[in-house]
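Down below is the structure, laid out as structure tokens.
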Amino acid sequence: MIKTGTGGNEHADLVVPVNESFMVMFLSGRLEIIMVSGTATCFCQSDFEKRRQIILVVPARDASRVPDVNDLIRAFPRLSAGRRLHEVRDIPIPYQDLLRLTGVHIENIMLPDRELIVLYANREPAHSVKFTEQILVGIQLKADALDEMLWPKEPEDYYIVGHETFSKSGVHNLLLLVKGGKEVVFSPTLTIQAELGDRGFRVWDRTLQPAEIH
């Protein structure tokens, strides 16, 4: 489902909208934060189970170039446990700057030992870019082992970019790339939908059991 990128393909000019819920969930995870090539602040979250790194690249406004994939591979040569940010002021760039991003370009790279999902920040005005039909969202939900077994193994309408499980509480933090307006059915009682509306991107649940939306 990941079809946008900066790697020279036909979708390279498309921008993926980012819901604030995604940014909140991503920044609440364990991160390795590095200034790469002196031009961009990069946030890397590692998923050891999936052998995956999610890297958010935020270039400085006056940057002369954007770090490429080789720069990122050198900066983040392996999966890292990282650390959690305890306060907003621990973020090396203003949080509001992240919320003002128009969206991101996504590049998906398969390496011999891991997968990279790179999110390149875009600051161009919304009226001057082409948006994808997908939206990046974050959601925290409660699901038991049976619920999780019912999640589609090859979903068509969403892609799990990141997944952190807190087994003692049964809580799942999910970073999702979701097709706008499509219902995502995790179980017979838990359905999520992301939609683009006049007031921005909204995420809500239609469930008969408790769930938290961010």
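So if I check each of Ile33, Ile73, which one is within 17 Å of the chain's Cα centre (by Cα) and either over 25 Å from Gly180 (Cβ atoms) or at pLDDT 95 or above (or both)?
From the options Ile33, Ile73, the qualifying one is Ile33.
Taking region 163-214 as the region of interest, how many residues are at negative phi, modelled with pLDDT of 75 or more and not charged (D, E, K, R)?
Within region 163-214, residues that are at negative phi, modelled with pLDDT of 75 or more and not charged (D, E, K, R) number 19.
If I ask for residues that are free of Cβ contacts under 8 Å to residues at least 24 places away in the same chain and crowded, with 16+ Cβ neighbours inside 10 Å, which ones from region 30-53 would you list?
Residue satisfying the conditions is Phe43 alone.
May I ask you to say which residue of Phe48, Phe22 is aromatic (Phe, Trp, Tyr) and either modelled with pLDDT of 95 or more or within 14 Å of Tyr95 (Cβ to Cβ) (or both)?
When all the criteria are applied, what remains is Phe22.
The values are calculated or read from the model by the stated rules, or taken from the named source; none is laboratory data. Only a predicted model underlies this, so the values are computations on that prediction, with no experimental measurement involved. When we count neighbours, we look across all protein chains shown, and the Cβ atoms used for this are built from the backbone with ideal geometry, even at glycine.
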